[in-house]
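Chemist: Shown below is the structure under consideration.
Just so it is clear, none of the values below were taken in a lab; they were calculated from the coordinates. What you are looking at is a predicted structure, and each value in this text was computed from that prediction instead of being measured.
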């Protein structure tokens with residue numbers, strides 16, 4: 001009887017231990033496997049609250065007559081979009097935007113590529129030169145604008161000191177109030193601020209190219225131009241495409257530099273990009289519905305640029321696999 005009782009107690013103890021072990025494993029499994037779902041939920045919640053909801057709200061607002069001072073907001077259908085296509089100021093702002101984008105993208109990527117090629121070589125002071133080029137990118141935009149405004153000041157600006165050295169220029173130039181000079185100066189400031197970023201990324205891409213590839217080309221007798229054309233550029237083409245798209249988006253949504261330097265002027269909106277037009281419409285003229293419509297058009301343009309990059313990247317990948 002005693003033996004039977006001992007066996008029963010041993011069986012119960014083993015059963016209890018097995019149940020407890022399964023419970024511990026289940027708790028550990030839950031902790032281990034619930035973490036990814038928690039992280040995914042947080043990301044989805046962030047996207048929903050801070051990105052998807054504002055985009056949806058903007059789309060809905062663009063179909064209304066939401067203007068500050070209107071007692072009742074009503075649904076107006078496509079009326080704002082009809083107004084958009086007939087708005088000459090909108091099309092002029094789009095033209096200014098694409099002109100600004102084209103020069104900034106070409107300038108920033110070209111200067112970044114040139115600087116990366118030069119500073120990828122070994123020479124004394126290379127690290128100092130790399131650090132110096134990266135300074136404008138780390139410079140706060142407001143500080144860069146203040147320095148730029150001081151340089152362009154028509155009374156005591158340093159740019160007039162150099163301008164008067166040019167034969168034929170005797171009087172001080174009012175740089176940012178001149179319709180012929182305002183846009184080139186804003187473009188130059190934007191390129192100066194943006195190209196260090198492209199330089200750093202392209203330099204990293206150059207350093208990722210295997211050294212053996214260059215050694216093989218050297219053995220085959222390739223000259224530097226052939227190496228650049230057939231090895232370096234093809235290897236960093238995806239990076240150049242990425243930089244072109246990022247610079248396009250950067251220049252498209254640029255507000256601070258343009259607003260603080262020219263405010264979209266000087267005359268007739270010479271430097272008024274689409275982003276400035278959206279700001280003026282929604283927050284100075286308080287036409288929230290039409291401002292949202294302009295914002296939707298900007299969203300479509302950025303989406304188109306992104307899809308264009310994806311298409312170009314896929315074509316590049318297919319060409320490489322052949």
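Chemist: Binned at 5 Å from 0, what are the whole-percent values of the Cα-Cα distance distribution for the stretch 176-242, short to long?
Modeler: The calculated distribution, bin by bin, is 3, 14, 18, 15, 12, 10, 9, 8, 5, 3, 2, 0.
Chemist: To the nearest 10 degrees, how steep is helix 2-47 against the longest Cα principal axis of the chain, on a 0 to 90 scale?
Modeler: 10 degrees
Chemist: Now for a separate question. Which shape class applies to the stretch 187-299: rounded if a/c is under 1.5, otherwise prolate when a/b exceeds b/c and oblate if not, where a ≥ b ≥ c are the square roots of the Cα gyration tensor eigenvalues?
Modeler: Numbers: a/c = 4.35, a/b = 3.09, b/c = 1.41.
It comes out prolate by the Cα gyration axes.
Chemist: Okay, next question. Treating the angle as unsigned and between 0 and 90°, give the value, to the nearest 10°, between the Cα long axis of helix 126-138 and the longest Cα principal axis of the chain.
Modeler: 90 degrees
Chemist: So if each residue of separation counts as 0.36 nm, and I subtract the Cα-Cα distance between residue 169 and residue 135, what length gain in nm does that give? Display every interim value, and only then the final one.
Modeler: On the way: separation 34, 0.36 × 34 = 12.24 nm, distance 3.24 nm.
Full extension from residue 169 to residue 135 adds 9.0 nm.
Chemist: Pairwise over distinct Cα atoms, reciprocal of the mean inverse distance: report the Kirkwood radius of the stretch 229-292 in Å, one decimal place. It would help to have the intermediate numbers written out before the result.
Modeler: Details: mean 1/r = 0.0717 Å⁻¹.
For the stretch 229-292, the Kirkwood estimate is 13.9 Å.
Chemist: 222 nm [θ] for the chain, helices only, -39500 (n - 2.57) per DSSP H run of 4+, per residue, to 500? Kindly include the intermediate steps, with their values, before the conclusion.
Modeler: On the way: 14 runs with 233 residues, N = 322.
Calculated from helices alone, the mean residue ellipticity at 222 nm is -24000 deg cm²/dmol.
Chemist: If you don't mind, there's one more thing I want to ask. Suppose the Debye formula is applied to equal point scatterers at every Cα of the stretch 270-318; what is log10 I(q)/I(0) at q = 0.13, 0.27 Å⁻¹?
Modeler: Normalising to I(0) and taking log10 leaves -0.43, -0.91.
Chemist: Now a separate question. Send over the semi-axes of the chain's equivalent ellipsoid, whole angstrom and largest first, taken as the square roots of 5 times the C-alpha gyration tensor eigenvalues. Write down the numbers at each step before the final one.
Modeler: On the way: eigenvalues 548, 268, 84 Å².
After diagonalising the Cα gyration tensor, the semi-axes are 52, 37, 20 Å.
Chemist: Taking the chain as the reference, fit the longest principal axis to its C-alpha atoms, fit the long axis of helix 288-321 to the helix C-alpha atoms, and give the angle between the two in degrees, 0 to 90, nearest 10.
Modeler: 70 degrees
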